[in-house]
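A quick write-up on the structure given underneath.
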Amino acid sequence: MKFIFDCEDEILLPFTYDFSEDVEKFLKLTKVLNIRQNRDASLSIKEQGKKNLKDMFRRVSKEYPKETSELLAKLWVLEEGEKAPNAFTTFTKIIANKDVLDFFTSLMGLAQ
């Protein structure tokens, strides 16, 4: 098993294109980015940001767990019979690498 961003370019580059399309479909399905527009006048900007982040997490983990899991599993190159690591292992791999995190940030911008 290998994290996709640890692969050589001839595997990574075609993946990034296909994955960007998968992310776009996921974002349209879940409408998770729309939550960023939520505003409650009684909350400070910081409190609103925390609430929106929590609501986004709820949406992808409680309302769309299957779709979120399938998307995250695509980040692993698996040998026959292997299973992708769980979401927390994958999130840790994403967050621990600034380049990978920047890639995901840019995908969010493209999907808008």
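Quick notes on this one:
- For segment 35-40, Karplus couplings with θ = phi - 60° (6.51, -1.76, 1.60), whole Hz, Gly/Pro x: 4, 4, 7, 4, 9, 10
- Looking at segment 1-93, the trypsin sites (Lys or Arg not before Pro) that sit in a DSSP loop and have at most 11 other Cβ atoms within 10 Å of their own Cβ are K31, R39, K83.
- Once backbone amide H atoms are built at 1.01 Å from N, W76 has I4 as its partners under 5 Å, excluding neighbours fewer than 5 places away on the same chain.
- When the charge dipole of the chain is built from unit charges on Cβ atoms (+1 for Lys and Arg, -1 for Asp and Glu) and taken about the Cα centre, the candidate among M56, L29, F5 whose Cα reaches farthest toward its positive end is M56.
- Our note on the geometry: Cα centres of segment 3-34 and segment 65-98, 12 Å apart.
- The modelled label-to-label distance between R39 and T89, using points 7 Å beyond Cα along the C-beta direction, is 4.3 nm.
- Computed [θ] at 222 nm, helices only, for the chain once each DSSP H run of length n ≥ 4 contributes -39500 (n - 2.57): -19000 deg cm²/dmol
- Distance in nm between pseudo-label sites at K66 and F104 (7 Å out along the Cβ direction from Cα): 2.3
- Using θ = phi - 60° and Karplus 6.51 cos²θ - 1.76 cosθ + 1.60, couplings along segment 81-93 (whole Hz; Gly, Pro as x): x, 7, 10, 5, x, 6, 4, 5, 4, 5, 4, 4, 5
- Magnitude of the charge dipole, the chain, Cβ model with Lys/Arg +1 and Asp/Glu -1, debye to 20: 1020
- Its Cα gyration tensor gives the chain an equivalent ellipsoid. The semi-axes, each the square root of 5 times an eigenvalue, are 28, 15, 13 Å from largest down.
- With all protein chains kept in place, the per residue accessible area of the chain amounts to 71 square angstrom at a probe of 1.4 angstrom.
- Separation of the L13 and K74 label points, Cα + 7 Å toward Cβ, nm: 2.0
- The portion of the accessible surface of the chain made up by carbon and sulfur, rounded to a whole percent, is 57 (1.4 Å probe; DNA, RNA and ligands excluded).
The values are calculated or read from the model by the stated rules, or taken from the named source; none is laboratory data. What you see is a predicted model, and the numbers here were worked out from it, not measured in a lab. Every residue, glycine as well, gets a Cβ built from its backbone with ideal geometry; the counts of neighbours run over all protein chains shown. Calculation scope for accessible area: heavy atoms of the full protein, side chains included, ligands and nucleic acids excluded. Shrake-Rupley method; radii C 1.70, N 1.55, O 1.52, S 1.80 Å.
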